[in-house]
Amino acid sequence: MVGLFGGAFDPPHRGHVELARRAKEELGLGRLSVLVEANPGHKLVETPADVRLRLTRAAFPDDDVLLDEYARTVDTLRAHPDWQDTIFLIGADQFCDFPTWKEPDEVLRLTRLGVATRPGFPAERLEHVLAGLEQPERVLFFEIEPIPVSSRGLRATFVAGDVPSAVAEIIRREHLYGA
């Protein structure tokens, strides 16, 4: 089974790595492709795509890390038929926004979703989203331990322990994120 994990990764942090690790365990992923969004359609990024790509390769040394030129998941999946019928990994918060994605039901036709939940996350929020989907059976849930770190927080105040050591080394060496 192949997993896809997309994001801006500005910068990649321990929470991203833990989500991928747990997905491999819980969903039996044999391979993971990490997709660094060149120009995310849902948020502004502060760091150039080539730098975020290097940081993400450092964070995921055992996985395929690729630059994704498409701003929307459905467009990425259409452009890469070999990635269809994979498991696309997202967090529970992102899943709650899934109905606002471009063509969410088409995304679910092309791939399954692996949604990382955490203890205490309101189940009714997840159920509400599931109820609005044409193929809710294509959504798989797995639990992760909460890691209190965010890319936004790291951009504001870099804390080396919140990122993998190889990522921290690049950030320090290149004086990124105020390091």
Problem set entry | Expected 222 nm ellipticity per residue - DSSP helices of 4 or more, -39500 (n - 2.57), all of the chain, to 500 | -10500 deg cm²/dmol
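What does the charge count near residue 30 come to, summing +1 for each Lys or Arg and -1 for each Asp or Glu among other residues with Cβ under 13 Å from its Cβ? Walk me through the numbers before you get to the answer.
Working: positive: 24, 31; negative: 25, 62, 63, 64.
So the environment of residue 30 carries a net charge of -2.
Over the chain, what relative contact order in percent results from Cα pairs under 8 Å that are six or more residues apart? Each step should come with its number before you reach the end.
Values: 297 pairs, mean separation 46.6, N = 179.
Once normalised by length, the contact order is 26 percent.
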Exercise. For 147, 90, what ranking results if the residue with the fewest other Cβ atoms within 10 Å of its Cβ goes first?
Worked result: 147, 90
Exercise. Between 40, 11, 148, which gets the highest mean-square fluctuation from a Gaussian network model of the chain, Cα cutoff 10 Å?
Worked result: 148
Problem set entry | Residue with peak Gaussian network fluctuation, the chain [Cα springs, cutoff 10 Å], from 149, 74, 65 | 149
For this session: Could you list which residues have their amide H under 5 Å from that of residue 8, counting only those 5 or more apart in sequence or on another chain, with H placed in the peptide plane?
Result: 37
Exercise. How many nm is it between the label spots at residue 140 and residue 26, if each spot is 7 Å from the Cα in line with the beta carbon?
Worked result: 1.1 nm
Exercise. In segment 2-148, with Lys and Arg counted as +1 and Asp and Glu as -1 at Cβ, which of these residues, 42, 108, 11, has the Cα nearest the positive end of the dipole, that is, farthest along it?
Worked result: 11
Exercise. Of 161, 28, 120, which has the largest mean-square fluctuation in a 10 Å C-alpha GNM of the chain?
Worked result: 120
Exercise. Hey, what angle do you get for helix 49-59 against the long axis of the chain, alpha-carbon based, 0 to 90 degrees rounded to 10?
Worked result: 90 degrees
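Relative to the present Cα-Cα distance, how much length would full extension add between residue 169 and residue 67 at 0.36 nm per residue of separation?
Working: separation 102, 0.36 × 102 = 36.72 nm, distance 2.14 nm.
Stretched fully, the residue 169-residue 67 segment lengthens by 34.6 nm.
Which value, in debye to the nearest 20, describes the size of the charge dipole of segment 1-131 about its Cα centre when Lys and Arg Cβ atoms bear +1, Asp and Glu Cβ atoms bear -1, and nothing else is charged?
Numbers: 16 positive and 22 negative charges, 51 e Å.
Dipole magnitude for segment 1-131 comes out near 240 debye.
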Problem set entry | For residue 135, net neighbour charge (Lys/Arg +1, Asp/Glu -1) across residues whose Cβ lies under 14 Å away | -3
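Expressed in nm to one decimal, what extension gain is obtained for the pair residue 128 and residue 147 from 0.36 nm per residue of sequence separation less their Cα-Cα distance?
Length gained between residue 128 and residue 147: 4.4 nm.
Over 18 Å, how big is the tail of the calculated P(r) for segment 30-88, in percent of all Cα pairs? Intermediate results must be reported in sequence, preceding the final value.
Working: 621 of 1711 pairs.
Across segment 30-88, Cα pairs with separations above 18 Å total 36 percent.
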For this session: Positive end of the charge dipole of segment 2-148 (Lys, Arg +1 and Asp, Glu -1 on Cβ, about the Cα centre): tell me which of 95, 59, 29 has its Cα farthest that way.
Result: 59
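Values quoted throughout were computed directly from the atomic coordinates according to the rules given, and no laboratory measurement underlies them. Note that the structure is a prediction, hence the values are computed from the model and not measured. When we count neighbours, we look across all protein chains shown, and the Cβ atoms used for this are built from the backbone with ideal geometry, even at glycine.
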